[in-house]
Amino acid sequence: NMSTFKRKRGGPGPGDKKSKKVKFVADVSEPPAETNQEKTNEVTIPPPVSMGKWTNKERVLIFSSRGINFRTRHLMQDLRNLMPHSKADTKMDRKDKLFVVNEVCEIKNCNKCLFFEAKKKQDLYLWVSNSPHGPSAKFLVQNIHTLAELKMTGNCLKGSRPLLSFDPKFDSEPHYGLLKELFTQTFSTPRYHPKSQPFVDHVFTFTIADNRIWFRNYQIIEEDASLVEIGPRFVLNLIKIFQGSFGGPTLYENPDFQSPNMHRRQIRLAAAAKVREKQMVKELQKMKKAEANVAVDKDVTADVFLTPAEEKPVHIQTEAPEPKVVKKNKHKAFKRQRMQMARSKSCS
């Protein structure tokens, strides 16, 4: 073991927090200097940062219910990679009630929980809870983009501690202030965590826009302190905030929230209304064509250019009309017979 080897040789082990004293010698050929000069050449090196005491024992349990799709599974794995203080568990059965999650957190020794709940294989809900006493918040997750989908140029050290950046609107309203504290305790990596690295090279941003919370992850570039997005990214639409963990009295309910079932119903009703409107237009066109094809009994404009004729006296015929002479046509022989008769005459 390397730690025991260092302790045998007199070096500090991983549990030792003492600083080292190092002497710098200019040249071996030079004669040894005075003791005062040796004291001035001694430099004290402070102990490493990672050898501090781990006091904040926050642990986050990240798992889901059954029925999630591949995108949710990749999002959960990305969050586990970004949060070294997280733990995983098997998927929870749908028949179990949400209060069972508190027992799972107690078994896993976790006091925070990110639970992804899938419904109808298309809607995804996120529970952010402080187990076991609360509070907890329920969100509808929208517009998910994972690390593999984004293909951003940014990159950060695995296990490094992130900075948390919040929108100024989080301080304007009390329910946003509660969510800010809940996000701070959940997503911030504890200091001196065994799996964390003592570096800060990326930022978690929480922005409020369109009554939703937008999550982004950026890398801090050392040269000019500019930001490059890493991922993942998603949007949280707040539904309710409960006093307890996964239940209890409702502290806040979002009045602007519209369930995805109602949204899909409105889309279907709008499509049905368009179809009905098209059918009505077709029926009106048929009625107009039928009216145009009806024959008019009397044309009003037909007598405009008619002039009345002169009245003639009535003539009464008293004598019978003369019979018509019909000329009877003699029988005329056919052409062939006439030619034969002409030949016979010429021969005689």
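Each value in this text was obtained by applying a stated rule to the coordinates, not by laboratory testing. Just so you know, these numbers come straight off a predicted model, no measurement behind them. With ideal geometry, Cβ positions are generated from the backbone for all residues, glycine too; neighbour counts draw on all protein chains shown.
Wrap a convex hull around the Cα atoms of segment 60-263, take a quarter of its surface area, and give that in square nanometres. Don't skip to the answer; put the middle values down first.
On the way: hull surface 47.1 nm².
If you wrap the Cα atoms of segment 60-263 in a convex hull and average its projections, you get 11.8 nm².
The label-point distance for ALA209 and LYS119, in a model that sets each label 7 Å from Cα toward Cβ, rounds to 2.8 nm.
When the scattering of segment 207-279 is computed by the Debye formula from its Cα atoms alone, each counted once and equally, what is log10 I(q)/I(0) at q = 0.18, 0.19, 0.24, 0.27 Å⁻¹? Debye curve over Cα of segment 207-279, log10 I(q)/I(0) at q = 0.18, 0.19, 0.24, 0.27 Å⁻¹: -0.90, -0.93, -1.08, -1.16. Sequentially through segment 241-249, phi angles give Karplus couplings (6.51, -1.76, 1.60; θ = phi - 60°) of 10, 9, 6, x, 8, 6, x, x, x Hz, Gly and Pro residues having no value and appearing as x. FRET efficiency for ALA270 and LEU164, Cβ-Cβ distance as r, R0 = 45 Å, nearest 0.05? The computed FRET efficiency comes out at 0.65.
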